[in-house]
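Visitor: Right, I'll just put the structure down here and ask away after.
Nothing in this text is a laboratory measurement; each read-out follows from the coordinates by a stated rule. Only a predicted model underlies this, so the values are computations on that prediction, with no experimental measurement involved. Methodologically, a virtual Cβ is constructed for each residue, glycine included, from the backbone with ideal geometry; neighbour enumeration extends over all protein chains shown.
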């Protein structure tokens, strides 16, 4: 995924060191030493959290290389459902409306 200017694969430590250098430059390096430090793996979790909001779960499963969709499901609780109450209310209205009293017309 990451390569140098000649298209060669970068070593793990090069990418990780760049990540931690960027944290320091952004003034976030001190967060590495707290009880819940920022770690490189957080990038993967951030991707999963955002991806489930944009792509079907089966796609995210494939992107992340999960063998089972249940592993991918850990990211689903992050999907905001701002319109959930409106959707449920509309469904309940449709399901509880009285049936039309108009007589059936014969087709023919």
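Visitor: Output the direction-averaged projected area (hull surface divided by four) of the convex hull of the alpha-carbon atoms of region 26-74, in nm². Write down the numbers at each step before the final one.
Guide: Values: hull surface 17.3 nm².
Result: 4.3 nm².
Visitor: In addition: For the residue pair residue 38 and residue 9, what label-to-label distance in nm results when each label sits 7 Å from Cα along the Cα-to-beta-carbon direction?
Guide: Label at residue 38, label at residue 9, 2.8 nm between them.
Visitor: While we're here: Any chance you could get the radius of gyration and Dmax over the Cα atoms of region 1-89, in Å?
Guide: Every Cα atom of region 1-89 included, Rg and Dmax give 17.2, 56 Å.
Visitor: Step by step: find N for region 41-97, compute 2.2 N^0.38 Å, then divide the Cα radius of gyration by it. What's the final number?
Guide: For region 41-97, the normalised Cα radius of gyration comes out at 1.47.
Visitor: Once you have all Cα-Cα distances for region 1-40, histogram them in 5 Å bins from zero and send the whole-percent values.
Guide: 6, 22, 24, 19, 14, 9, 5, 1
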